[in-house]
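Asker: Attaching a single structure in structure tokens format; questions to follow.
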């Protein structure tokens, strides 16, 4: 750069110096009191929304528990009837009542498949009635929008 260009860069123009002086003279503007009232209302609405959400979750949990009890009772009745049929069929075959008999292979297959089915039904019912903690862990649930907004707002301040 040449010497005249350097002197221009060293001396700020008078307009810039006036602008900088004006910026220093401006006092901090106080926030609008009506804006703060609006934030309080938003906070109240957010809390009311969270309470409503928790109430809905409670109702949903109660509905699921009632449904689980109905299904569990039905499943228990089905398993009792199923096992009763195994006992009745084994008794009838063992006593040769009414001339009824089945081969040993067929009886073993029937008893084995029935036992496996009953155990599988109990396993499915147990997993449904008692879900694992990872399923219920709130740390794995997505964050709410209010938390994301407040976190991003705090990072910019």
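Asker: Looking at the structure I just gave you, is residue 78 modelled with pLDDT under 90 and surrounded by 12 or more Cβ atoms within 10 Å (Cβ to Cβ)?
Answerer: Yes: the conditions hold for residue 78.
Asker: If you go through the range 114-127 one residue at a time, do you hit one that is over 30 Å from residue 49 (Cβ atoms) and at pLDDT below 80?
Answerer: Going through the range 114-127, the residues over 30 Å from residue 49 (Cβ atoms) turn out to be 114-127.
Still in the running and at pLDDT below 80: none.
The answer is no, given that none of the residues of the range 114-127 is over 30 Å from residue 49 (Cβ atoms) and at pLDDT below 80.
Asker: Please go through the range 91-109 and give me each residue that is in contact with a helix residue (DSSP H, G or I) (Cβ under 7 Å, 6 or more places away or on another chain) and assigned to a helix (DSSP H, G or I), ordered by number.
Answerer: 93, 107 - these are the residues of the range 91-109 that are in contact with a helix residue (DSSP H, G or I) (Cβ under 7 Å, 6 or more places away or on another chain) and assigned to a helix (DSSP H, G or I).
Asker: Take the conditions over 30 Å from residue 129 (Cβ atoms), surrounded by 10 or more Cβ atoms within 10 Å (Cβ to Cβ) and modelled with pLDDT of 85 or more and apply them to residue 45. Does it pass?
Answerer: The answer is yes for residue 45.
Asker: In the set 5, 52, 39, 30, which member is surrounded by 10 or more Cβ atoms within 10 Å (Cβ to Cβ), more than 30 Å from residue 122 (Cβ to Cβ) and at pLDDT below 90?
Answerer: Every option except 39 fails the conditions.
The values are calculated or read from the model by the stated rules, or taken from the named source; none is laboratory data. Keep in mind the model is a prediction, meaning the values are calculated, not measured. Every residue, glycine as well, gets a Cβ built from its backbone with ideal geometry; the counts of neighbours run over all protein chains shown.
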